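The values are calculated or read from the model by the stated rules, or taken from the named source; none is laboratory data. Here the structure is a predicted model, which is why all the values come from computation and not from measurement. Positions of Cβ are backbone-derived with ideal geometry, glycine not excepted, and every protein chain shown enters the neighbour counts.
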Amino acid sequence: MITSHHPNDGTVVLTVDASRIDAASAMAFKERARQLVQDESGRVLLDLHQVEFLDSSGLGTLVAIMKMLDGGRKLELLNCGGAVRKVLALTRMDSVFIVHPPTDADDRAGQDAA
Amino acid sequence: MIYPDPQADDPGGIVHTSFPACPDEISEQLSTLHGVFATHGLDDGLRDTVRLVLAEILNNIAEHAVPEHDGEILLVVSSDRGRLHILTEDGGRALPTGLLGAANLPDMGQTVDDLPEGGFGWFIIHTLVDDMVYERDGGMNRLSFSLATA
């Protein structure tokens, strides 16, 4: 559902291993994310390159994950596809998260943070 | 308004299906329909819009009209004269009328902790659809709307 790796000290990349974050899966994503971020104190990047569908429950899930980060850290979104970007823009939540521009490089997060 | 009759020879018919009103089934249906719409030549932008609006409507039905998830939703989609016509019916409780009026974005608050985690659904629906009709008739909820295909 979500896997994590650390491209460098202080940064964790969470990769969503699913094609949709929606009403059916929102609770499970929140629980998994909570496990993965609870001991993280640095940047948290969520890689959404596999996600082709996000509904309002999925959007709420992203908000919930950001609220798990203390110290006012913002959740950073990587590799958002067209359907995901559309929902973020429509609800103006693209200004709430840090939305990185699309890139071909899967390890962009690591390079950014290096 | 004339709805497609599944008994009639209906060249504009795309979908006529029913499924349990629960989030897991809705998620699977929407994924399947995304492929069906592609075979009917709908472009990616329209398919994304239909999927999103239907997700919000169907999950609202599951949450508010059929909260025990013990009923079914009928979904009918057809195209006619440059528009996609979409109809849902369910035998659940009446939908809260407050949901059906014009919707605003939820209050964003002042800090991260204030950010809303819900309340986006009807804003999304009303932003993308301008002809939603809700009818309560004979113990049935009927929602219908259309989207331009070009």
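Residues in region A:8-35 that are closer than 21 Å to A:Arg73 by Cα, in contact with a helix residue (DSSP H, G or I) (Cβ under 9 Å, 6 or more places away or on another chain) and at pLDDT 95 or above: how many? Spell out how you get there, then give the answer.
Filtering region A:8-35 for residues closer than 21 Å to A:Arg73 by Cα gives A:8-16, A:29-35.
When the remaining residues are screened for being in contact with a helix residue (DSSP H, G or I) (Cβ under 9 Å, 6 or more places away or on another chain), the result is A:8, A:10-14, A:16, A:29-30, A:33-34.
Within this subset, residues satisfying the condition of being at pLDDT 95 or above are A:11-14, A:16, A:29-30, A:33-34.
Number of matching residues: 9.
Give the residue that is modelled with the highest pLDDT, with candidates limited to residues of region A:90-114 that are of a type in the set (D, E, K, R) and assigned to a helix (DSSP H, G or I).
Looking only at region A:90-114, we keep the residues that are of a type in the set (D, E, K, R), and these are A:92, A:94, A:104, A:106-108, A:112.
With the extra rule that they be assigned to a helix (DSSP H, G or I), the set shrinks to A:94, A:108, A:112.
Details: A:Asp94: 95, A:Arg108: 47, A:Asp112: 48.
My answer is A:Asp94.
The listed residues are B:Leu100, B:Leu58, B:Leu115, and the only one of them that is touching a helix residue (DSSP H, G or I) at 6+ places or on another chain (Cβ under 6 Å) and at pLDDT below 95 turns out to be B:Leu115.
Does any residue in region B:17-42 that is at negative phi come within less than 6 Å, Cβ to Cβ, of a residue that is surrounded by fewer than 20 Cβ atoms within 10 Å (Cβ to Cβ) and among the β-branched types (Val, Ile, Thr) six or more places away or on a different chain, and which pairs are these? That search, which allows pairs on different chains as well, returns B:His40/B:Ile14. Against the definition (buried (at least 18 other Cβ atoms within 10 Å of the Cβ) and among the small types (Gly, Ala, Ser)), how does B:Ala55 come out, yes or no? Here the answer is yes, as B:Ala55 does meet what is asked.
Out of B:Leu143, B:Leu100, B:Leu87, B:Leu128, I need the residue that is over 15 Å from B:Ala55 (Cα atoms) and surrounded by 12 or more Cβ atoms within 10 Å (Cβ to Cβ). Which one?
Details: B:Leu143 fails: over 15 Å from B:Ala55 (Cα atoms); B:Leu87 fails: over 15 Å from B:Ala55 (Cα atoms); B:Leu128 fails: over 15 Å from B:Ala55 (Cα atoms).
Only one candidate passes the filter, namely B:Leu100.
Being more than 20 Å from B:Val112 (Cα to Cα) and over 12 Å from the mean Cα position of the chain (by Cα) is the filter here, so list the residues in region A:36-68 that pass it. A:Glu52, A:Phe53, A:Asp55, listed by residue number.
Hey, among the residues in region A:5-35 that are under 12 Å from the mean Cα position of the chain (by Cα) and under 25 Å from B:Ser31 (Cβ atoms), which one's surrounded by the fewest Cβ atoms within 10 Å (Cβ to Cβ)? Looking at the filtered set, the residue picked out is A:Asp17. In region A:24-53, the residues that are in contact (Cβ under 8 Å) with a residue 40 or more places away in the chain and over 16 Å from A:Val12 (Cβ atoms) reach residues that are acidic (Asp, Glu) and assigned to a loop (DSSP other than H, G, I, E, B) with C-beta atoms within less than 8 angstrom, at least six apart or across chains, in these pairs: A:His49/A:Asp106.
Within region A:39-89, the set of residues being assigned to a loop (DSSP other than H, G, I, E, B) and crowded, with 20+ Cβ neighbours inside 10 Å comprises A:Leu48, A:Val51, A:Asp55, A:Leu75, A:Asn79, A:Cys80. Among residues of region A:1-14 that are among the hydroxyl-bearing types (Ser, Thr, Tyr), those with a beta-carbon under 6 Å from a residue that is surrounded by 13 or more Cβ atoms within 10 Å (Cβ to Cβ) at least six positions away or on a different chain give the pairs A:Thr3/A:Thr15; A:Ser4/A:Val12; A:Ser4/A:Leu14; A:Ser4/A:Leu36; A:Thr11/A:Gly42; A:Thr11/A:Arg43; A:Thr11/A:Ala113.
Quick one: how many residues across region A:50-64 are facing another protein chain (nearest Cβ under 10 Å) and over 23 Å from B:His126 (Cα atoms)?
Start the filter on region A:50-64 by keeping residues that are facing another protein chain (nearest Cβ under 10 Å), which leaves A:52-64.
Narrowing the set further to residues that are over 23 Å from B:His126 (Cα atoms) leaves A:64.
The number of residues fulfilling the criteria is 1.
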